[in-house]
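K.L.:
Just dropping this structure here.
The values are calculated or read from the model by the stated rules, or taken from the named source; none is laboratory data. All values reported here derive from a predicted model rather than from experimental measurement. Cβ coordinates were reconstructed from backbone atoms using ideal geometry, including for glycine residues, and neighbour counts include every protein chain displayed.
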Amino acid sequence: MAKRIIMAGGGTGGHIFPAIAIANALKKADSSIEILFVGAKGKMEMEKVPQAGYKIEGLDIAGFNRSSLIKNIGLPFKLVKSFLQVRNIFKSFQPDAVIGVGGYSSFPVLRYAQAKGIPSFIHESNSFAGKSNMMLGKNATKVFVASDGMQQFFPQEKTQITGNPVRPDIVNVATVAKEEALRFFNLQPGKKTVLIVGGSLGAKSINEAIEKGIDDLSAAGLQLIWQTGKTEAERWKGAAEGKSNVWVSDFITQMQNGYAAADIVISRAGAMAIAELCVVKKPVLFVPYPFAAEDHQTVNAQNLVQKNAALMVKDSEAKEKVVPTIIALANDEQKQSELKNNIAALAVTDADRRVADEILKTIK
């Protein structure tokens, strides 16, 4: 009998891409495995998972709204409804195991699996565990984590360090020629190139800093690959208008080209962004998103700063400090190579395979 596995969770690329990477590794290890994704209706996974070639079922569920308490009135109703939907999914799919990658759609799925005695696995990508993962971790079969020091959140005997799964095209960035990547963005070879990424919705503080300092960056001889995100995309495109040293768009479809072309990166400090930056070995300036749950992005970034593997500027100081920090780094070859060597030492390229192997061992 072919094994059946449910992958649950999503909400952001930081949850979806690792889940897809793990699913691919499972299929590679055993092509007969059937995989079903479960996500939240209206969220990014409903589009990205089918694009990756997998089936997905959507739940009517929403997370706790921290900024507007009135919006939480319907939460208990949605939670009950999602549990009923999960029950029906389990009845028809009959999974042998469930893997949760975080995001609020993973909660009812793992909770139900644990109540039914079905092996449940968690992948926690951040260096600060989310609340629902901590609750679920107590009864999970195994918890896979990205870094050390996670025993404060999960039972030690269940916790295994695997690193974060990174998309294959990112793992293979070294095979993309820099000149070719620069051509993709219509930029010049031989010029220092800065890649600016703030996630799919964009990072306002980073975008404002670039908008304000765009002439200073040009005067310093730098060229920019600026992924603005969807929010206020027209405003940022306007700031770059007529500047031949700036490529600007709300999304980079082929991220491997962005990394291959870049000498320096400015980024948020989500767990997946960090995993990718370690693999592509780039000097990076982090501007952590301060409103992430438990401020985990700041924790993530500080982890690297302490190892002299990255620089960091607080979100509230981004407008003043990002551009001068980047110009100073661009002029300091020794600092660039220190950061590059130290971040490269933290890279994990086979996390997806490690997770898949452990799961298959358990559900034989």
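K.L.:
Mind checking which residues of region 127-140 are touching a strand residue (DSSP E or B) at 6+ places or on another chain (Cβ under 6 Å) and either under 14 Å from His15 (Cα atoms) or of a type outside the set (A, V, I, L, M) (or both)?
P.N.:
Those that are touching a strand residue (DSSP E or B) at 6+ places or on another chain (Cβ under 6 Å) and either under 14 Å from His15 (Cα atoms) or of a type outside the set (A, V, I, L, M) (or both): Asn133, Gly137.
K.L.:
Also: Identify, by number, the condition in (1) crowded, with 18+ Cβ neighbours inside 10 Å; (2) more than 19 Å from the chain's Cα centre (by Cα) that Gln334 doesn't meet.
P.N.:
Checking Gln334 against (1) crowded, with 18+ Cβ neighbours inside 10 Å; (2) more than 19 Å from the chain's Cα centre (by Cα), the one that fails is (1).
K.L.:
Among the residues of region 43-70, how many are part of a loop (DSSP other than H, G, I, E, B), modelled with pLDDT of 90 or more and small (Gly, Ala, Ser)?
P.N.:
Of the residues in region 43-70, 2 are part of a loop (DSSP other than H, G, I, E, B), modelled with pLDDT of 90 or more and small (Gly, Ala, Ser).
K.L.:
Being touching a residue at least 12 places away in the same chain (Cβ under 8 Å) and assigned to a helix (DSSP H, G or I) is the filter; apply it to region 136-160 and report the residue that is farthest from Pro95 (Cα to Cα).
P.N.:
Met150
K.L.:
Being hydrophobic (A, V, I, L, M, F, W, C) and either in contact with a His (Cβ under 6 Å, 6 or more places away or on another chain) or part of a loop (DSSP other than H, G, I, E, B) (or both) is the filter; apply it to region 271-296 and report the residue that is modelled with the highest pLDDT.
P.N.:
Across region 271-296, the extreme among qualifying residues is Val287.
K.L.:
Does region 254-270 hold any residues that are farther than 19 Å from Phe17 by Cβ and in a helix (DSSP H, G or I), and which are they?
P.N.:
Ala261
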